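Worksheet: one structure, shown below.
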Amino acid sequence: PFPLSHGTTTLGFIFQGGVIAAADTRASANGLVCCATTQKICPVHSHLVVTCSGSGADCMMWRRILARETRLYQLRHRRCLSICGTAKLLSFMLHPFKGTEVCVAFTLCGWDNNIDGPKLIYVCSDGARLQGDLFSVGSGSPYAYGILDREQRWNLSKEEAFSLAREAVFRATHRDAYSGNNLDLFHITDQGWRKTERID
């Protein structure tokens with residue numbers, strides 16, 4: 001089998017108007033573009049989406065597992081699992097696979113409908129769990145961080161936040177051969193997530 005190589009650009013950040021999640025849509029394998037329209041941002045429930053990077057098959061399987069477990073929790077307890085609780089659950093499920101060839105990295109972008117509000121949490125396949133205000137993951141992330149670290153701030157307007165996310169992903173796709181094609185962008189608020197039109 002050919003050696004696995006992973007490439008993508010995903011990002012998420014918090015601002016006064018909620019949480020922004022953005023990603024390119026290119027899926028690649030060993031230098032070949034396999035799919036130009038991959039969905040790397042996936043809704044989990046009404047107030048939570050995850051950005052996925054790593055092995056395509058692993059990402060698809062683990063996001064299905066996560067959606068199933070959060071739905072079962074909702075049915076049992078008649079409420080959604082909190083964003084921090086979801087991140088902890090995912091981290092515990094992934095930890096036994098530490099040191100194996102499982103390769104996934106998720107950024108949970110969501111809103112807890114209580115005093116907590118917006119949340120952004122990074123979880124990867126070795127079970128690591130980090131909470132912050134800004135994350136970018138994938139081979140294009142160094143280029144995206146170059147834009148985000150300079151421009152991202154709390155008091156951005158919605159239009160400025162959308163523009164910043166687009167600019168960061170576009171700059172990454174310009175420099176990183178494994179990222180490209182289209183841009184998906186989600187905005188999460190206390191009313192839930194909303195997907196903007198896919199941008200070429």
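The values are calculated or read from the model by the stated rules, or taken from the named source; none is laboratory data. These numbers were taken from a predicted model, which means no experiment stands behind them. Quick reminder, even Gly has a Cβ in these numbers, built from the backbone with ideal geometry, and neighbours come from all protein chains shown.
Here are the numbers for this structure:
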{"read-out": "The listed residue being hydrophobic (A, V, I, L, M, F, W, C) and surrounded by fewer than 22 Cβ atoms within 10 Å (Cβ to Cβ), out of Leu72, Leu108", "value": "Leu72"}
{"read-out": "Given (1) at pLDDT below 95; (2) over 15 Å from the mean Cα position of the chain (by Cα), index of the condition Phe15 fails", "value": "(1)"}
{"read-out": "Boolean, Ala29 is at negative phi, in contact (Cβ under 8 Å) with a residue 24 or more places away in the chain and surrounded by fewer than 22 Cβ atoms within 10 Å (Cβ to Cβ)", "value": "yes"}
{"read-out": "Qualifying position, being of a type outside the set (A, V, I, L, M) and at pLDDT 95 or above, among Thr51, Thr37", "value": "Thr51"}
{"read-out": "Residues that are farther than 25 Å from Ala29 by Cα and not in a helix (DSSP H, G or I), drawn from the range 52-102", "value": "Arg78, Arg79, Cys80, Leu81, Ser82"}
{"read-out": "Filter result for the condition that a residue is at pLDDT below 95, more than 29 Å from Leu89 (Cα to Cα) and of a type in the set (S, T, N, Q), over Ser139, Ser179", "value": "Ser179"}
{"read-out": "Enumeration of residues in the range 20-51 that are under 19 Å from Ile83 (Cα atoms) and in a strand (DSSP E or B)", "value": "Ile20, Ala21, Ala22, Ile41, Cys42, Pro43, Val44, His45, Leu48, Val49, Val50, Thr51"}
{"read-out": "Residue tally, condition modelled with pLDDT of 90 or more and not in a strand (DSSP E or B), over the range 114-132", "value": "3"}
{"read-out": "Unmet criterion (only one of (1) within 20 Å of Val169 (Cα to Cα); (2) in a strand (DSSP E or B); (3) in contact (Cβ under 8 Å) with a residue 40 or more places away in the chain) for Trp111", "value": "(1)"}
{"read-out": "Count - residues of the range 82-103 that are closer than 25 Å to Gly192 by Cβ and in contact with a strand residue (DSSP E or B) (Cβ under 8 Å, 6 or more places away or on another chain)", "value": "8"}
{"read-out": "Flag for Gly99 being modelled with pLDDT of 95 or more and out of contact with any Gly (no Cβ under 9 Å at 6 or more places or on another chain)", "value": "no"}
{"read-out": "Residue list for the range 149-200, restricted to those being assigned to a loop (DSSP other than H, G, I, E, B), closer than 17 Å to Gln16 by Cα and without any contact (Cβ under 8 Å) to a residue 40 or more places away in the chain", "value": "Gln191"}
{"read-out": "All positions within the range 174-195 that are hydroxyl-bearing (Ser, Thr, Tyr) and surrounded by 22 or more Cβ atoms within 10 Å (Cβ to Cβ)", "value": "Ser179"}
{"read-out": "Candidates Thr37, Thr100, filtered to the one that is of a type outside the set (D, E, K, R) and touching a residue at least 60 places away in the same chain (Cβ under 8 Å)", "value": "Thr37"}
